[in-house]
């Protein structure tokens with residue numbers, strides 16, 4: 001995300017996708033729901049750790 005979370009972390013994990021995005025702060029574990037449009041504007045880059053099948 002472009003802005004950091006108040007805990008200081010800027011890494012997030014997506015745990016829900018749909019009309020709203022559910023994201024979890026990797027620093028403190030807080031879960032936040034945000035609308036899709038706001039998420040698409042605020043995301044800086046997407047990093048994947050899963051291996052393609």
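No value in this document is a laboratory result; all are computed from the given coordinates. What you see is a predicted model; the values in this text were computed from it and never measured.
By how many nm would the segment from residue 9 to residue 24 lengthen if fully extended, with 0.36 nm per residue of separation less the alpha-carbon distance?
4.3 nm
For every helix of n ≥ 4 consecutive DSSP H residues, a contribution of -39,500 (n - 2.57) applies; sum these over the chain, divide by its total residues, and give [θ] at 222 nm rounded to the nearest 500 deg cm²/dmol.
Dividing the helical sum by the residues of the chain leaves -3500 deg cm²/dmol.
On the Cα set of the chain, report Rg and Dmax in Å, please.
Considering the chain through its Cα atoms, Rg and Dmax are 11.2, 36 Å.
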